[in-house]
Amino acid sequence: QDEQEWDFVLVSDIHQVGSEKEIKRKKFLDELSKKGFTIKKIEDQKLFYGVRAPKWIFRKYQWLLRSMESGMQSPGDQRAVPGATRIRIVNFILQNTVTPDLEKLCDLRRKKVFETAFPLHEREEKNVLIKEKWARWRDICCVQPIENIRAYFGEKVALYFAWLGWYTYLLGIASVVGMLIFVIGITVLSSSQVSKEICKANTTIMCPLCDQKCPFWLLSDTCTYAKITHMIDNEGTVLFAMAMAIWATVFLELWKRQRATVVTKWDLYEWDDDEEELAMELINNPLHEPRRYQHSYFRSTVVILLVLLMIAVLIGIAHALVIYRVVAMALFTQSASEFIREHANTLAVVTGAILHYLTIVIMTKVNRHVALYLCDLEKPRTFAQRENNFTVKIFTFQFFTNFSSLIYIAFFLGRINGRPGSYVRVAGKWRLEECHPSGCITDLFIQMATITILKQTLSNCMEYLVPWITYSHKKQKLPKKKNTILGEEEEEAEDPCRQWWLSNYQLNEVHHFSLFNEFLEMVIQYSFTTIFVAAFPLAPVLAFINNLVEIRLDAIKMVHLRRRMVPRKANDIGIWLQVLEAIGILAVIGNGLVIAITSDFIPMQVYKYTYSPCATGNGTALDCLSGYINHSLSTFRTRDFEPHMRLPTQLPSFARQGVTEYRDYRNADDYSFTVQFWHVFAARLAFLILFEHVALCVKFIAAWYVPDVPQSVKNTILDEKHTKLQKGLRWVAAEKV
């Protein structure tokens with residue numbers, strides 16, 4: 001029966017009669033009783049207090065926030081209140097009820113008067129629809145029951161899953177294209193003229209990659225890596241990067257349309273968060289005065305300085321990862337194992353990527369505490385404002401945590417390390433690492449692949465296993481009923497609510513930002529999928545597979561492993577939309593920089609159209625990239641190595657020549673940059689400017705071409721306003737009569 005349902009359950013330890021905690025608990029419960037709440041006590045190893053709000057609270061809420069469709073003509077109209085709305089109102093009153101000691105529930109929880117407070121999951125027969133159609137692994141490819149999610153968890157959760165489903169749906173299109181580009185790259189693995197020249201360069205001797213024990217090596221040794229590099233660094237990748245920049249815009253524009261359609265159907269298009277909060281404040285306390293908007297320039301300045309300090313710390317951690325790679329490279333090259341010495345560069349990159357992942361895991365927790373502390377300094381007026389402030393800060397911190405190392409690898413690795421004979425060194429000892437012998441984009445590919453795979457496998461496993469193990473552990477410790485009664489009245493031996501309350505209590509606790517964690521995870525994934533997609537075309541494919549699992553994983557956690565989340569009303573995904581739009585701009589800049597700086601695409605095009613046999617007209621039968629490798633190498637005299645560098649055993653043929661080569665555009669006599677270097681530099685800059693301007697123009701055109709709000713939604717809102725005005729006009733006419 002509805003009258004037997006309980007809106008919330010408060011849990012407390014059994015305190016000694018007459019103790020300070022027991023008195024504070026009684027005062028809080030007395031305040032609830034004065035407001036008309038029904039309270040039921042069940043005693044076990046803990047004290048459980050079920051609370052049920054009086055009906056007049058919900059009638060007041062409906063009357064204050066009545067809409068045109070509500071049909072309410074007077075405050076006395078009886079209309080059913082959705083369960084999600086009941087929980088939201090009761091939670092607000094519980095959180096804002098003040099005791100005579102001027103303490104709220106959060107204060108009492110801090111002082112261990114109450115352990116926790118939570119709404120109850122609906123019983124199995126009421127919840128079966130969600131469990132059968134949503135919270136099961138075998139429904140992984142089924143359409144989500146968004147309306148049922150909304151009715152059970154509220155609009156905010158429903159919009160999250162609607163957004164995630166829409167993102168995954170459009171990600172399927174991007175993943176097909178990405179997979180196609182990848183497959184094409186595999187099919188032309190051995191057909192690249194550049195790869196062929198590298199594989200045949202068995203007489204081209206390259207400079208050692210480190211100072212100690214590193215041998216001179218043949219360019220042909222990197223034949224396999226050169227083929228793999230061509231698989232991800234080709235003309236198709238450039239087009240795919242451009243397409244993903246456009247895809248990001250189209251995705252957001254189509255989501256805006258989808259969101260407008262959904263919230264119009266829910267009659268929330270013009271819903272106001274501030275108005276609902278004011279209504280609940282007045283229901284809780286009719287004498288309530290609204291909290292005024294305030295702004296402190298001093299406080300804002302302090303927050304900005306602390307944010308900049310935190311960003312500096314995160315960049316410092318990225319520098320520490322760079323130093324690790326430098327030292328690891330030096331140690332690996334001095335290893336007794338021949339395998340480690342031969343693959344020192346790759347091992348340094350892979351272990352650096354794993355260390356970067358561990359840094360992300362640790363700093364995510366640190367970033368959360370720092371962001372919450374900064375939000376407390378700002379003293380936001382409402383919970384929504386606090387959540388927005390927290391979102392901006394935590395995303396900023398997470399962006400630098402996740403991408404500082406990637407930015408270094410993409411745009412600085414191999415470009416600030418100097419040249420043979422004049423290397424840049426850390427602490428004057430370890431020289432900065434160079435790019436992978438097959439190209440700088442290989443390092444970025446390995447880093448992206450390692451982090452993405454770890455985040456989408458290990459992190460997801462932990463995300464499911466930790467709450468599952470915690471819940472299983474709690475379930476094994478089922479509390480047994482005590483015979484001693486310390487309260488005012490003895491309860492029945494077999495209370496029908498006891499087992500249900502206990503089973504809900506044993507579930508994992510949810511927090512205000514539980515849904516925020518899911519959003520943040522997906523937005524960071526969206527960043528990985530779009531910003532450096534030029535270096536990792538498989539990112540959309542892995543993200544698509546991950547999201548299919550993520551939807552069901554989140555559903556199972558919410559329904560089976562966690563206490564019921566307090567439903568919250570919303571008509572959009574909040575400030576996350578602005579964050580996604582910012583990521584779209586960063587995707588254009590990031591991919592443009594990867595193609596212009598990290599990739600060999602521009603140098604090859606400069607050679608093809610300026611220096612190749614095709615450009616000079618001397619070899620029309622040859623491939624236009626014939627001779628590119630020799631053109632991109634510079635000569636170095638071994639006598640010009642630094643004095644403290646220990647030269648390895650020289651190859652027989654090399655001993656007579658006394659010269660070696662390295663990848664750069666420098667003159668052989670004074671090692672100054674050649675004319676070709678400046679041609680390539682100018683071409684990189686021109687391409688970057690052209691790519692970003694074209695991509696941004698296409699993004700803006702796409703945003704203009706696809707309206708944010710469908711015409712059907714606009715017409716529906718227009719009809720509602722017209723009908724409302726007509727009703728008002730008829731009421732005025734009736735008054736005259």
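Annotation: of all residues in the range 184-195 being in contact (Cβ under 8 Å) with a residue 40 or more places away in the chain and more than 37 Å from the chain's Cα centre (by Cα), the one that is farthest from E661 (Cα to Cα) is Q193.
Just one of the listed residues (V90, V81, V128) is at pLDDT 90 or above and of a type in the set (A, V, I, L, M, F, W, C), namely V90. If the condition is being in contact (Cβ under 8 Å) with a residue 24 or more places away in the chain and hydroxyl-bearing (S, T, Y), then the range 571-609 contributes T598, S599, Y607. Criterion applied to E20, E43, E5 was being open to solvent by 60 Å² or more (accessible area, probe 1.4 Å) and within 17 Å of W501 (Cβ to Cβ), and the one residue passing it is E5. All of R25, R59 fail the test of being closer than 18 Å to N96 by Cβ and assigned to a helix (DSSP H, G or I), apart from R25.
Determine if the range 225-245 includes at least one residue that is assigned to a helix (DSSP H, G or I), under 30 Å from P380 (Cα atoms) and open to solvent by less than 10 Å² (accessible area, probe 1.4 Å). There is no residue in the range 225-245 that is assigned to a helix (DSSP H, G or I), under 30 Å from P380 (Cα atoms) and open to solvent by less than 10 Å² (accessible area, probe 1.4 Å).
Of the residues in the range 604-620, at least one is open to solvent by 50 Å² or more (accessible area, probe 1.4 Å), modelled with pLDDT of 80 or more and within 18 Å of L688 (Cβ to Cβ).
Restricting R386, R381, R368 to those that are of a type in the set (K, R) and either within 22 Å of F412 (Cβ to Cβ) or under 16 Å from the mean Cα position of the chain (by Cα) (or both) reduces the list to R368.
Look at the range 371-385: where a residue is over 18 Å from T396 (Cα atoms) and of a type in the set (G, A, S) and a partner is at pLDDT below 85 and surrounded by 14 or more Cβ atoms within 10 Å (Cβ to Cβ), sitting 6+ places away or on another chain with Cβ atoms under 8 Å, you get A384/D273. When each of W266, W271 is tested for being open to solvent by 50 Å² or more (accessible area, probe 1.4 Å) and more than 29 Å from S192 (Cα to Cα), the lone residue that passes is W271. Is there a residue in the range 576-587 that is farther than 19 Å from L159 by Cα and touching a Leu at 6+ places or on another chain (Cβ under 8 Å)? Checked the range 576-587: at least one residue is farther than 19 Å from L159 by Cα and touching a Leu at 6+ places or on another chain (Cβ under 8 Å).
Matching residues to (1) among the aliphatic types (A, V, I, L, M); (2) open to solvent by 80 Å² or more (accessible area, probe 1.4 Å); (3) more than 30 Å from V426 (Cβ to Cβ):
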{"residue": "L282", "(1), (2), (3)": "yes, no, yes"}
{"residue": "F298", "(1), (2), (3)": "no, yes, yes"}
{"residue": "V307", "(1), (2), (3)": "yes, no, no"}
{"residue": "I315", "(1), (2), (3)": "yes, no, no"}
{"residue": "A318", "(1), (2), (3)": "yes, no, no"}
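Scanning the range 279-304 for residues that are in a helix (DSSP H, G or I) and of a type in the set (F, W, Y) yields Y297, F298.
When A427, A410 are checked against the criterion of being surrounded by 21 or more Cβ atoms within 10 Å (Cβ to Cβ) and over 18 Å from S634 (Cβ atoms), a single residue qualifies: A410. Restricting the range 522-569 to residues that are of a type in the set (G, A, S) and within 27 Å of A384 (Cα to Cα), the residue that is farthest from the chain's Cα centre (by Cα) is A555.
Just to be sure before I move on: is M179 within 30 Å of T224 (Cβ to Cβ) and either of a type in the set (V, I, T) or open to solvent by less than 20 Å² (accessible area, probe 1.4 Å) (or both) in the structure I sent? Answer is no for this residue. Could you go through the range 196-208 and let me know if any residue there is surrounded by fewer than 19 Cβ atoms within 10 Å (Cβ to Cβ), in contact (Cβ under 8 Å) with a residue 40 or more places away in the chain and part of a helix (DSSP H, G or I). So far as the range 196-208 goes, no, none of its residues is surrounded by fewer than 19 Cβ atoms within 10 Å (Cβ to Cβ), in contact (Cβ under 8 Å) with a residue 40 or more places away in the chain and part of a helix (DSSP H, G or I).
For beta carbons closer than 8 Å, sequence separation of 6+ or different chains, a first residue in the range 701-712 that is assigned to a loop (DSSP other than H, G, I, E, B) and a second that is among the acidic types (D, E) and open to solvent by 50 Å² or more (accessible area, probe 1.4 Å), there are no qualifying pairs.
Which one is farthest from G590 (Cα to Cα), of the residues in the range 685-737 that are of a type in the set (F, W, Y) and open to solvent by less than 100 Å² (accessible area, probe 1.4 Å)? If we take residues in the range 685-737 being of a type in the set (F, W, Y) and open to solvent by less than 100 Å² (accessible area, probe 1.4 Å), then F687 is farthest from G590 (Cα to Cα).
Among the candidates A539, A534, A555, A543, the residue that is under 19 Å from K156 (Cβ atoms), crowded, with 20+ Cβ neighbours inside 10 Å, touching a residue at least 60 places away in the same chain (Cβ under 8 Å) and among the aliphatic types (A, V, I, L, M) is uniquely A555. A Cβ distance below 9 Å, combined with a sequence gap of six or more or placement on separate chains, defines the contacts here; from the range 268-284, residues that are farther than 26 Å from F37 by Cβ and polar (S, T, N, Q) reach no residue that is at pLDDT below 90 and not in a helix (DSSP H, G or I).
Quick grid of which residues meet (1) modelled with pLDDT of 85 or more; (2) more than 21 Å from E434 (Cβ to Cβ); (3) out of contact with any Gly (no Cβ under 6 Å at 6 or more places or on another chain):
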site	(1), (2), (3)
T638	no, no, no
H644	no, no, yes
A682	yes, yes, yes
I689	yes, yes, yes
T723	yes, yes, yes
K727	no, yes, yes
R730	no, yes, yes
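Residue-level check: of (1) open to solvent by 100 Å² or more (accessible area, probe 1.4 Å); (2) not in a helix (DSSP H, G or I), D670 misses just (1). Hey, can you tell me all the residues within the range 383-419 that are more than 30 Å from H436 (Cβ to Cβ) and either of a type outside the set (F, W, Y) or not in a helix (DSSP H, G or I) (or both)? Across the range 383-419, the qualifying residues are A384, Q385, R386, E387, N388, N389, T391, V392, K393, I394, T396. Taking the range 99-171 as the region of interest, the helices (runs of 4 or more DSSP H) fully inside it that hold 3 or more residues being among the acidic types (D, E) and open to solvent by 60 Å² or more (accessible area, probe 1.4 Å) are 124-133.
The values are calculated or read from the model by the stated rules, or taken from the named source; none is laboratory data. Fair warning: this is a prediction, and the values are worked out from it, not measured in the lab. Positions of Cβ are backbone-derived with ideal geometry, glycine not excepted, and every protein chain shown enters the neighbour counts. We work out accessible area using only protein heavy atoms, side chains counted, and drop any ligands, DNA or RNA first. Shrake-Rupley method; radii C 1.70, N 1.55, O 1.52, S 1.80 Å.
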